Amino acid sequence: MLPLPPDFNYQNMKKLILILFAAILTGTISYSQVFIITDNQGVNITGDTITVDACNTVTFITHVQNSSAISRTVKVKKTHMEILAGTVNYFCWVNCYSPTVFISTQSLLMPAGYTTSGSQDLTCDYVNGGTAGNSLVAYTVYDENTPADSSIFYINYSCTDGIGDVFKPAISEAFPNPSATSSTIEYNIGTQQDGYIVLYNLLGSQVAKYNLYKPEGKVVINTSTLTPGAYFYSFFYEGRLIKTSKLIVTR
């Protein structure tokens, strides 16, 4: 694993772009997906990071399905990963809450297979006066009686000024994947040299950060010291999330 550089910035590391993907992984690693979260068009966004244009006021509507075989008493928690100064956000679940409330005080009893609609949907609101920049917020839907039974998704509220939209930074998929000893990621960030890759474990804790000092090159992740399981790596460019992918470590 590469050492952390001297300019390591803990504040930026709040931009957690972990995708907790509730599906069967490889080998013996698996989840059961308790809740399925879809957007207003019916697209499954469970575990995903959704980017929305948010230079003004936006409302993002999601439907929550209890995909388990038992009834669930469901609450919602929001987590601020990175918040742009001068913006506020709040959510509605059973009731609408002020921006200072991070866990719903009300729960919704959802029978097995039940899907919310209308006033029961989870709505995520964001207010921005036009300031350029991004806010990243995580939303966790969980069983109040069994909090580990949960699903998560992220919204990247983005307000851009169009600068830097010509060049498209890119990274490859990690290879090999699954990996037992090491895995390599190739990247191209052009002349800006303002990019980095963050590796997270399944619980969302940061494992490593790799600053990208060259316009293009390779990052080698030493997986031999990592506990076998699922990890996620996120690519940031000029403070913006570009991509998140899954890395499986095996022995």
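Restricting things to alpha carbons, find the Rg to Rh ratio for segment 167-249 using the Kirkwood radius for Rh. The partial results should precede the final answer.
Details: Rg = 12.2 Å, Rh = 12.8 Å.
Using Cα coordinates only, the ratio equals 0.96.
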Ordered by residue, what ³J(HN,Hα) values in Hz, to whole numbers, does segment 141-158 give under the Karplus form 6.51 cos²θ - 1.76 cosθ + 1.60, where θ = phi - 60° and Gly and Pro are x? 9, 8, 7, 4, 7, 9, x, 5, 7, 8, 9, 9, 8, 10, 10, 9, 7, 10
What is the Rg over Rh value, at two decimals, for segment 79-221, using alpha-carbon atoms and the Kirkwood definition of Rh? 1.04
Calculate the all-directions average of the projected area of segment 35-159's alpha-carbon convex hull, and give it in nm². 6.9 nm²
Amide H within-cut-off set for residue 144, under 5 Å, with H built and near neighbours excluded: 73, 74, 75
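All of the numbers you see were taken from the coordinates with simple rules; none came from a lab. Computed from a predicted structure; not experimentally measured.
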